[in-house]
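Engineer: Quick one: the structure is below, and I'll ask about it shortly.
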Amino acid sequence: MARRVLAAALAAAVLGLAAPAAAQERWQDQPGVKTLYDKAKAEGDVVIWGPVQAEVDWIEGEFSKRFPGIAIKGTGDLQAATKLIAEARAGRHSVDLWQNSLGGMLEVQKRGLFAKVDWQPLGFSDDRIMFGGEGLAVHNFIYSTLYAKDFVKPAELPKTWDDLLDPKWKGRMVSQDFLFPRLMGFLALAWGEERTEKWGRAMLGEQKLLIVNSPRESFLKTGERVLAVGDSVNQAYQYSDSGVPTGYTVLDIVPAVQFMISVMKDAPHPNAARLLAAWLASDDGLAARGQAAHGFSIRPGAKSHVADEIRQAGAKTILEDISTMGQRAELYKKFSALARGQ
């Protein structure tokens, strides 16, 4: 009996100590965030654009749990950059914030259309702040090799990109014409151009990698091809959600496109825009994205399970970076021709 009482007392003590710690970890409880929320509620609405509708559809349900009273209008549009530039030229300003890949946002950023925000009072360190305050790093497009769970056993999976040259995968792999040369561009940063080109030619010529411009899940479903090379981690979840059991691999090199979020310079709802952008980039927002949309961050210090898996595997991460963007663009042109058989 005494032992049970002691155990209960210890549990109560632990819980008592844990409660304040948990409360302190709630990003939305920071004084600066609360002040911004009050201002954002007064504006009432916020308009966010993303590259595709799936990138924005999940946001309102999760955001409203933390910050009720702000209506979110989300639109997915691959032509957003062109439209935002055209709107600015015409003196129209209908969008509050925009999320896209780092490379996809460059033309808009070059034209000075993003607001420069001091993000540090909202809890962000310099390593998450992009373009001197004009944006925040959010999730990553994480290159992987996906596999059909119905046709490939975990023990058979490759551990490195070179393992894909094993004869057992000949005629069993598929990749997309857009993604494969971009994957090669990242690998060239680690391997060098010569080795990467040799690998790519072996994949296409010897391994008979099938290059398509359509979704790869149909190939994985039938087993016609069992590995999807260069697809992203989140696509494994999407294919599985669509009824095609799909897994992902963590290979020796993990290339990753960086997505970011920026508040527009003339945002109609500037406070709501800053609040939403900051929440999306916070640990809480990133965790919500992972649960709702299978988008994960693998930046240094990221708390996603994918980041943990990469660290445990000892893999080398190559994050999209402004300094190498021009080099990768040239490599993409060269490797695109290779993928097309030119």
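Engineer: Which of the residues belonging to region 81-91 are surrounded by 12 or more Cβ atoms within 10 Å (Cβ to Cβ) and among the basic types (Lys, Arg)?
Structural biologist: Lys83
Engineer: Within region 188-231, track down each residue that is surrounded by fewer than 17 Cβ atoms within 10 Å (Cβ to Cβ), basic (Lys, Arg) and farther than 18 Å from Ile318 by Cβ.
Structural biologist: Lys198, Arg201, Lys208
Engineer: Residues of region 299-308 being in a loop (DSSP other than H, G, I, E, B), out of contact with any helix residue (DSSP H, G or I) (no Cβ under 6 Å at 6 or more places or on another chain) and open to solvent by less than 30 Å² (accessible area, probe 1.4 Å), which ones?
Structural biologist: Ala302
Engineer: Further question: Considering region 265-288 alone, what residues qualify as being in contact with a strand residue (DSSP E or B) (Cβ under 6 Å, 6 or more places away or on another chain) and either open to solvent by less than 10 Å² (accessible area, probe 1.4 Å) or among the hydrophobic types (A, V, I, L, M, F, W, C) (or both)?
Structural biologist: Ala272, Ala273, Leu276, Ala277, Leu280, Ala281
Engineer: Further, regarding this structure: When only residues in region 84-101 that are among the charged types (D, E, K, R) and under 15 Å from Ser262 (Cβ atoms) count, which is farthest from the chain's Cα centre (by Cα)?
Structural biologist: Glu87
Engineer: Tally the residues that are open to solvent by 80 Å² or more (accessible area, probe 1.4 Å), outside any helix (DSSP H, G or I) and under 20 Å from Ile211 (Cα atoms), restricting the search to region 309-342.
Structural biologist: Final tally of qualifying residues: 2.
Engineer: A further question on this structure: Would it be correct to say that Gly104 is closer than 29 Å to Ala339 by Cβ and over 22 Å from the mean Cα position of the chain (by Cα)?
Structural biologist: Criteria not met by Gly104.
Engineer: Just to be sure before I move on: is Lys116 open to solvent by 20 Å² or more (accessible area, probe 1.4 Å) and in contact with a Gly (Cβ under 6 Å, 6 or more places away or on another chain) in the structure I sent?
Structural biologist: In short, yes.
Engineer: Assess whether Gln120 counts as being free of Cβ contacts under 8 Å to residues at least 60 places away in the same chain and more than 25 Å from Lys334 (Cα to Cα).
Structural biologist: For Gln120, the condition - free of Cβ contacts under 8 Å to residues at least 60 places away in the same chain and more than 25 Å from Lys334 (Cα to Cα) - is met.
Engineer: Moving on. Considering region 5-35 alone, what residues qualify as being more than 26 Å from the chain's Cα centre (by Cα) and either modelled with pLDDT of 90 or more or open to solvent by 80 Å² or more (accessible area, probe 1.4 Å) (or both)?
Structural biologist: Those that are more than 26 Å from the chain's Cα centre (by Cα) and either modelled with pLDDT of 90 or more or open to solvent by 80 Å² or more (accessible area, probe 1.4 Å) (or both): Val5, Leu6, Leu10, Val14, Leu15, Leu17, Gln24, Pro31, Gly32, Lys34, Thr35.
Engineer: Follow-up question, since we're still on this one. Just name the residue that is farthest from the chain's Cα centre (by Cα) out of those in region 56-80 that are closer than 20 Å to Asp266 by Cα and open to solvent by 60 Å² or more (accessible area, probe 1.4 Å).
Structural biologist: Result: Lys73.
Engineer: Taking the condition on the phi < 0 side of the Ramachandran plot, in contact with a Phe, Trp or Tyr (Cβ under 9 Å, 6 or more places away or on another chain) and open to solvent by less than 10 Å² (accessible area, probe 1.4 Å), does Gly185 pass?
Structural biologist: yes
The values are calculated or read from the model by the stated rules, or taken from the named source; none is laboratory data. Bear in mind the structure is a predicted one, so any value in this text is a computation, not a measurement. Positions of Cβ are backbone-derived with ideal geometry, glycine not excepted, and every protein chain shown enters the neighbour counts. Surface areas here come from the heavy atoms of the whole protein model, side chains and all, with no ligands, DNA or RNA. Shrake-Rupley method; radii C 1.70, N 1.55, O 1.52, S 1.80 Å.
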